[in-house]
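The next block holds one structure in the form of structure tokens; read it before the comments.
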Amino acid sequence: MKKILFISLAMVLALSVSLIGCDGGGGEAIPLHNPDDFIQETIGDVDSLDPAWGYDTSSGEQVTYIYEPLLVYDGESTDVFLPALATNWTVVNATQIRFTIREDVSFHEGGSLTPEDVEYSFERMMVQDRGGGPAWMINLPLLGMYRTRSGATIVADGEDIDNAVEVDGNEVVFNFAIEFPMIQWLQILVQPWGSILDKEWCVANGEWDPASDPLSGEGWKAYNNPAKADSYLYNHANGTGPWKLDTWQAGDYIRLIEHEDYWRGSVPFNLVVTKFVDEYTSRRLSLLNGDADLIYVPRQYIGDLEGNTELNAYEDLPALQNDCIFFNFSIDPDSDFIGSGALDGDGIPPDFFTDEHVRKGFAYAFDYDTYIADAFLGEATRMGNPLVDGLLGYDPNAQMYSHCLTAAADELELAWGGNVSDVGFKFTITYNSGNIERKTGCEILAEQLLAIDPKYQIAIQPLTWPTFLDNIFSEDPGVHKGPLPLFQIGWLADYPDPDNFITPYMHSYGDWAYYQDYGYPSLDTKIETARYETDDATREILYDEICDIYHEDCPGIMLSQPLGRRWFTKYIHGFYFNPTIPGPAGPLYYMSKS
Amino acid sequence: MELRSYIFRRLLLLIPVLFGVTVFIFGITMLFSPTQRATLYITSPQQMRDLATIIARYGLDRPFWSQYATWIGQVLTGNLGWSNVVSMPVWNAIWHYLPATLELAIVAAPLIILTGIFLGSKAAAHKDRPLDHGTRVIAIVGWSLPTFWLGLILLMIFYGYFRGFLPPGRLSTQMEVVVTSADFIRYTRMNTIDAILNLNGPVLLDALRHIILPVITLSVVNVAFIMRLMRSSMLESLGKGYILTARAKGLSERVVVNKHARRNALIPVITISGYLFAALANGVVITETIFSYKGIGWWAWQSAIRLDIASVLGFALFNAVLFVVVNLVVDVLYTRVDPRVRLGGTVQ
């Protein structure tokens, strides 16, 4: 009996091992299915189809298929623009720009585009300004404030919102509250949050109505910071784009169909279907069977498809993204991650990272090449400061800390008057479980410091994503920052401007710098000067100086800029890479299938 | 006791059960900090700076009783809240995802139960003979196979090796277009049943191609359990005095096994089958994920890992109702299988 059982199990195992090698992934011809449609399989559902709400890549991608902005990028460029719903634009001065609105453009539901639609779209975004949403990019130049609220109180003036966008004949005029570089404004308008809505359709479906709740009154405030479900537009859409929403089966797929009356003429795909498939094997087989034209391939599986001649692979695509290990200058004294809480060999004090020699010692200790090789399989570029390739001010030869254990040991010798090297330290670093890049980063840092001195001990602890985030932040930010001594996390561009990276990393109120307790007034002033500077050459100089400060201050271990890939079947043509286009498919309107 | 009054009494039990379940789950979720629960609404790093606003917007920092009172108040008006993970009201999410899971359960459960009963009976009737050994091997192998592994292997064979023969998902892209068109009426949202009701052969064929692999995966793993249970229950029955009497009366072995022993051996199997059906109907996460057969299990799993409290509570309510109803059905079935059993009373 045991023999039979053993033989049966052995046969099952042998069968499975042999099948893994012959599952259709060996480069056989991929059949052409669905020749008129584009089908992609990816992960991560759409959050909302409301352009004023969505702030994630999946939502942004679908919004760009359905809606259109006033202008678009010219091909791969991130600073040359082509007309879209505007036929041209004129910069009047540093606080005013005028757009001439295109005529004979139809919305999916049949309405015609008017300048009032453009005015309404931007005013609605400021009126709505949902918490955690993208409206801050519109608010800043037009209202001179990031948010329309201070806490729960609405502080924006309705009249200011009204005056910020005006219709003048067939033109729409944007009036800024502050001097703001026009290039940044144009870059903001190109993104999904610059999409133009049909005012009549929105109002007819219960959205904010400027006629019944004018900005001169108080009624508009009821539409501020709504819950997602309160907006009709989260799962309904009516744009002018090449495809219109047909069906969104949440969690399963979203299907768009051709807009027959598209103002630019014919559309390359009848259907654009995005399926949300969690399992990689299933996605891979769909691609190899021709059921999908593009799939999301996690980095650890890129070897599966490498060299397959049936696929069009685009490699080394520099994402406008980076990752970094941030030092916490003011750790919560009650933190569970700092051992004894004192520099006694069994812990670290809450202000441990205020000593620049500690920070520089850690930066020298990190093995960057191994990190890129192990975490990114070599597909990432080293960085020395927050500015990534593709941005104004990016310098491939910028100063960087090299991996040098001797230099690291020297710096740590100097730290805290020599106490660090005398007694050593012990604390815990964390990563969100399942994130291979961050796990690798933690392991490399811990190993390298231990290699310098056995007294330099770092424990590693995985945390769930909510717990990880919870520990970055403080319950009492006025007194101290969160409990994590350091944290590794990244940043993805909102729009391709250096300020979108420098402010989060270096300004006292930046998204990450704030939670590190890093930043000081003179640096803030310099960052703000660079942000509002309108001359590119001057800006570049300013950003050079700011990046030098980053290197000198070393508030974090700047790691890498990932390089992406795309895998299409051989039937898909016309892809080009513009890092600002949300989603993996890229410029779908300019692509074809044959 | 009259059947109707018995059912009514049992359904009344739902009220304390649902209250207890929701308080318990709500209490557990409150162990997470407001920031942890606010991460549900975070879709990009840029939103971190607005955490305080998000927490205030959704009242995540209010005390337990206050948040629970708000929720229960909504529930009493028929509003189960908003499922953020799938961007729809919780009610809609249940009705959206349940049909897929129910369809799997309706197809898989009879297959599992009938195959298990048949093989278990045969194994008991042929105790210690090759048939018994063979079914034991099948049971051990089936029970030992990890679902995700079996699912992936089946996918590689029937979708990979046989080039798209049995694909994942619920329908192909073309058939999805058909079933979401105005001409196709979604009576049940179960594709096979709707295809039959719409007399649409291509959709039926396509739906069957998509459901076969998940059903096989579920069957292989679960049939082993029913089979072993049936075998041991049958062996116990076959050793009883009335079986000896039946044999002494000269009845054929077929009649003894099928008519006398099997019927009495079915009671524990019915109990377990009820739970099996409930387990299948409340979602089979791994199978639904591997085959992209998005059902209620997938939804519940997504909700749990992202701390979508309204969805988790909605699922718990659904689950509690499901199990109470299944228990009730099982109890009623006992009376049909064993005439000695009386509802609300004792075995005579």
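The values are calculated or read from the model by the stated rules, or taken from the named source; none is laboratory data. A quick note: this is a predicted structure, and the numbers were derived from the prediction, not measured. Every residue, glycine among them, receives a Cβ derived from its backbone with ideal geometry; neighbour counts consider all protein chains shown. Please note that ligands, DNA and RNA were not included when accessible areas were found on the heavy atoms of the full protein model with its side chains. Shrake-Rupley method; radii C 1.70, N 1.55, O 1.52, S 1.80 Å.
Per-structure values
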item	result
Under 23 Å from A:K275, Cα to Cα: lysines that are on another chain or at least 8 residues apart	A:K228, A:K244, A:K570, A:K593, B:K294
Solvent-accessible surface (1.4 angstrom probe) belonging to A:C404, in square angstrom, nearest 10	50
Cα centroid separation, region A:294-345 to region A:203-259 (Å)	35
Inter-site label distance for A:A94 and A:S592 at 7 Å from Cα along Cβ, in nm	4.7
Cα long-axis angle, helix B:130-144 against chain B (0 to 90 degrees, to the nearest 10)	10
Solvent-accessible area of B:M30 with every protein chain in place, 1.4 Å probe, in Å² to the nearest 10	40
In degrees, nearest ten, helix B:309-337 long axis to first principal axis of chain B (Cα)	20
Globularity index of chain B, i.e. its alpha-carbon radius of gyration over 2.2 N^0.38 Å	1.18
Accessible-area value, A:D117, 1.4 Å probe, nucleic acids and ligands omitted, Å²	10
Rg/Rg_ref, region A:349-484, where Rg_ref = 2.2 N^0.38 Å and atoms are Cα	1.13
Karplus (6.51, -1.76, 1.60) ³J(HN,Hα), θ = phi - 60°, over region A:207-212, in Hz, Gly and Pro reported as x	6, 3, 10, x, 6, 8
Relative contact order of region B:266-348, pairs being alpha-carbon contacts under 8 Å that are 6 or more residues apart, as %	32
Shielding by partners, peptide A:245-256 (average Cβ within 10 angstrom, other chains)	5
Sorted peptide list for B:283-296, A:491-504, criterion being average Cβ within 10 angstrom, highest first	B:283-296, A:491-504
Within-13-Å neighbourhood charge of A:S266 [Cβ basis; K, R +1; D, E -1]	-3
Helix-derived mean residue ellipticity, 222 nm - over chain B, DSSP H n ≥ 4, -39500 (n - 2.57), to 500	-22000 deg cm²/dmol
Ranked by how many other beta carbons lie within 10 Å on average, peptides A:390-398, B:89-97, A:276-284, A:62-70 from highest	A:62-70, A:276-284, B:89-97, A:390-398
Pairwise centroid distance, computed over Cα atoms, of region B:283-298 with region B:76-135, Å	12
Computed [θ] at 222 nm, helices only, for chain A once each DSSP H run of length n ≥ 4 contributes -39500 (n - 2.57)	-9000 deg cm²/dmol
Listed residues B:F225, B:V85, A:A451: farthest to the positive end of the dipole of the protein assembly as shown (Cβ charges)	B:F225
Dipole magnitude (debye, nearest 20) for chain B, charges at Cβ of Lys, Arg, Asp, Glu	1140
Region A:57-234 - charge dipole about Cα centre, Lys and Arg +1 at Cβ, Asp and Glu -1, debye rounded to 20	600
Averaged over A:47-57, number of beta-carbon atoms from partner chains that fall within 10 Å	2
Relative contact order (percent, whole number), chain A, Cα cutoff 8 Å, 6+ residue spacing	18
Expected-Rg normalisation [2.2 N^0.38 Å, Cα atoms] applied to the protein assembly as shown	1.06
Cα shape, region A:57-234, gyration tensor, a/c 1.5 rule	rounded
q = 0.17 Å⁻¹, region B:1-60: log10 I(q)/I(0) [Debye, one scatterer per Cα]	-0.68
Candidates B:L313, B:L154, B:L11: whichever shows maximal mean-square fluctuation once chain B is modelled as a Gaussian network with Cα springs under 10 Å	B:L11
Cα-centred dipole magnitude for the protein assembly as shown, charges only on beta-carbon of K, R (+1) and D, E (-1), debye, nearest 20	8240
Nonlocal amide H pairs with A:N322, under 5 Å, H built at 1.01 Å	A:W491
Residue among A:P333, A:L391, A:L492 farthest towards the positive dipole end of region A:325-562, charges placed on Cβ	A:P333
Cα centroid separation, region A:392-436 to region B:194-210 (Å)	62
Cα lying deepest toward the dipole's positive end in chain A, options A:M400, A:P115, A:T87, charges on Cβ	A:M400
Simple spin-label estimate for A:T538 and A:A373 in nanometres, 7 Å along Cα-Cβ	4.7
Within 10 Å of each Cβ in B:149-161, the average number of Cβ atoms from other chains	6
Efficiency of FRET from Cβ geometry, A:R264 and A:A177, R₀ 41 Å, rounded to 0.05	0.75
Relative contact order of region A:328-472, pairs being alpha-carbon contacts under 8 Å that are 6 or more residues apart, as %	26
For peptides A:573-582, A:172-181, A:532-541, sequence by mean Cβ density within 10 Å, most packed first	A:172-181, A:573-582, A:532-541
Fluctuation leader among B:A108, B:A248, B:A100 - chain B, Gaussian network, Cα springs under 10 angstrom	B:A248
